[in-house]
Amino acid sequence: MKYILMMNTMKAGAGVPNWPKKDLQAHVAFMMRLNKELHDSGEFVLAEGLSFPDQAKLVRAGKDGLPITDGVFPEGKEFLAGFWIVDVDSPERAYAIAARASAAPGPGGAPLNMAIEVRQVPAGPPPEML
Amino acid sequence: MKYILLMTGTKAGVDGYRAWSKSDVERHFAHLHKLNKELTEAGELVANHGLAAPEQAKVVRAGQGGLPITDGVFPESKEFLLGYWLVDVDAPERAYEIAARLSAGPGPGGVSTNMPIEVREIMSGKSSEMQ
């Protein structure tokens, strides 16, 4: 069964690029090690890091179907910072991986204990949608 | 350059969607299937997934000892990811165009939902941004 693990951040929390270089490198090294472990265990499906929220755009179709882009979001909006898709045997395993990601080191090397949203990714659309 | 197109909705929005008639749902999915086929043929579709219902969402944190602490309570206003499209395109404008196609998907009675689609560039990774 596939799960998506999402790191969400508030715009105000997008201070990551300002971390000391050493802390940033330790964080990235941790994430790369986690990805390698997931590759080795055969659980890795996909992982991506997103560019920072200040570059986010909201797009709607206009009357003629052409895109109308906007870059204004409510203050409280959560932004996706990055995600993993893993293929695991149980939800508990997905939660265990999420806990690993949650404990990624932040400034000074202390675990961030950030919230990771875990959602199942069904194999296809639900039957009522087919 | 890779972009991710995020389709989101609140629980209330999802409940509204569940009230759509069968033919409206079928028309909507036919639109998405057609778009996916086009993107696949153009070599632009990298990955696409729909997610399980928001009711099943959990939030997980590492507790003491690194063990997972799970919680399932979210604020009413929380935007849940419903599905995403990861595309590889030549320009941001093309990503916006694809997002507009998603946004124009037919809703009840065949009228476009015009739902907002969040478009975010993927970090190219390897070098500059985080290292």
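Every read-out reported here was derived from the displayed coordinates using simple, explicitly stated rules and does not represent laboratory data. Predicted, not measured: the structure shown is a model, and the values here were computed from it. Ideal geometry is used to build each Cβ from the backbone, glycine not excepted, and the neighbour counts take in all protein chains shown.
Some observations on this one:
- Residue match in region B:18-25 (condition: at the interface with chain A (Cβ under 8 Å from one of its Cβ atoms) and within 17 Å of the chain's Cα centre (by Cα)): yes
- Selection status of A:F44, surrounded by 12 or more Cβ atoms within 10 Å (Cβ to Cβ), within 11 Å of chain B (Cβ to nearest Cβ) and of a type in the set (A, V, I, L, M, F, W, C): no
- Strands (runs of 3 or more DSSP E) contained entirely in region A:57-130, each with at least 2 residues that are touching a residue at least 40 places away in the same chain (Cβ under 8 Å) and surrounded by 19 or more Cβ atoms within 10 Å (Cβ to Cβ): A:78-87, A:116-121
- Matching strands (runs of 3 or more DSSP E) fully within region B:29-114 where at least 3 residues are in contact with a Ser or Thr (Cβ under 7 Å, 6 or more places away or on another chain) and closer than 30 Å to A:A104 by Cβ: B:58-62, B:80-88
- Within region B:80-97, if we keep just the residues that are over 11 Å from the mean Cα position of the chain (by Cα) and within 9 Å of chain A (Cβ to nearest Cβ), the residue that is surrounded by the most Cβ atoms within 10 Å (Cβ to Cβ) turns out to be B:A95.
- When region A:1-41 is filtered for residues that are surrounded by 15 or more Cβ atoms within 10 Å (Cβ to Cβ), free of Cβ contacts under 8 Å to residues at least 40 places away in the same chain and either of a type outside the set (A, V, I, L, M) or within 15 Å of A:R93 (Cβ to Cβ) (or both), nothing remains.
- Checked against (1) within 18 Å of the chain's Cα centre (by Cα); (2) within 11 Å of chain A (Cβ to nearest Cβ); (3) among the aliphatic types (A, V, I, L, M), B:L39 meets all criteria but (2).
- Pairs, first within 7 Å of another protein chain (Cβ to nearest Cβ) and without any contact (Cβ under 8 Å) to a residue 24 or more places away in the chain in region B:49-67, second of a type in the set (S, T, Y) and part of a helix (DSSP H, G or I), C-beta under 8 Å, six or more apart: B:K58/A:Y95; B:V60/A:Y95; B:V60/A:S102; B:R61/A:S102; B:A62/A:S102
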